[in-house]
1. Expressed in nm to one decimal, what extension gain is obtained for the pair V114 and R289 from 0.36 nm per residue of sequence separation less their Cα-Cα distance?
2. Could you order peptides 293-305, 152-164 by the average number of other Cβ atoms within 10 Å of their residues, highest first?
3. Charges on Cβ only, +1 for Lys and Arg, -1 for Asp and Glu, centred on the Cα centroid of the chain; of T22, H202, W303, which one is farthest towards the dipole's positive end?
4. Tell me the label-point distance for the pair M44, S297, using the 7 Å Cα-to-Cβ offset, in nm and rounded to one decimal.
5. Roughly how tilted is helix 3-34, in degrees to the nearest 10 and between 0 and 90, from the longest Cα axis of the chain?
6. Using a 1.4 angstrom probe with every protein chain in place, what is the largest-first accessible-area order of D207, D229, D272, D125?
7. Roughly what would the spin-label model give for F273 and R93, points 7 Å off Cα along C-beta, in nm?
8. Report in % the part of the accessible area of the chain that belongs to carbon and sulfur, leaving out ligands and nucleic acids; probe 1.4 Å.
Amino acid sequence: MGTDEQKMTRAGVRWGSVAWITVAALALYVGFRTMPTGTNLHHMDFQVSGANALEMCDPANPQFIPVVAVRSPVRMELRPQGGAEPSAGRETRWVLTLATSGGKPIGPVDLLTVHTRKLHLMLVDPTLRDYQHLHPEPGERPGEWVFSHTPELGGVYRVFADFTPAATARGLYSFAEYTAAGEEGGQWRAPALGEDVERAGHVLRLDSEKGALKAGAPGSLAFSIRAKDGAPVPMEPVMGAYVHTTAFDEARSGFAHLHPRAEEAGASASPDFKRPNFAFDVMIPRAGRYVVWAQFSVGGREWFQPFEVNVEG
Ligand SMILES: [Cu+2]
């Protein structure tokens, strides 16, 4: 072998090593980038231009969130699986896609776990009579989430999403709609404030602690439950709280999600199981009729109970 050839071979080996190191480094880089260690989305991905941007909710001062009126920095779309035609009383499997306005998919790593879940859906029919709270699971493709929903009634269901991007650590909302075939809910009234609601051996009640609720003024609601035979009520937390309440206005322009005062402050204290009572701070900016749905768990079963709340002008 001549010296020139040897030189060339050595150079070839050197260049080969460099190439291998580069490839290995690249592979490591790509590997780390695609590992589920963190979000690739940034604060900027969730910015909305214009005056109509969503004001983030202040947890110390719970308010109604006008999800429909404001522009969300997130695009949310619904697609029935297998081209199913949703109808009342029938389960439909849905693929929900979440993406930034720039088209970047929003998956599990991009969201923080809040109230034990990454993505909360609140689905409600036009009459506010069928309310369901669901938690989609990550789907096949990035940004896809799947869930099943059985609408009890017909009509245009509004699907509100509640989630918190890791990039901003602030609650964000979006909504979509779909039509379920079948008869609509029609006129109805939920039990009023201060009215005893008997259900499965229990008495449920929602009271206003400081008289009638007034638009734009801080108020407080109290939810109580007791067993008719006086036995302790075996409540368990649901999504990290003993009671969740969600208030909808008649136009379904948005919702207010409230949690009991003590739990909001971070206390995980159990209620008095003999007569559980939970106080909620509430501030609703506009007068009108609202339906407040209480969600809680008794003896391993989840209960949903609506109440009628009128906010005075
Ligand atoms: Cu939830």
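1. Between V114 and R289, full extension yields 60.1 nm more.
2. 152-164, 293-305
3. So the residue we want is T22.
4. Spacing of the two 7 Å Cα→Cβ label points: 4.2 nm.
5. Tilt of helix 3-34: around 0 degrees.
6. Sorted descending by solvent-accessible area, the residues read D229, D272, D207, D125.
7. Placing both labels 7 Å beyond Cα along the Cβ direction yields 3.9 nm.
8. 54 percent
The values are calculated or read from the model by the stated rules, or taken from the named source; none is laboratory data. These numbers were taken from a predicted model, which means no experiment stands behind them. Counting neighbours? That spans all protein chains shown, and the Cβs are built from the backbone with ideal geometry, glycine included. In case anyone asks, the SASA skips ligands and DNA or RNA and just uses the protein heavy atoms, side chains included. Shrake-Rupley method; radii C 1.70, N 1.55, O 1.52, S 1.80 Å.
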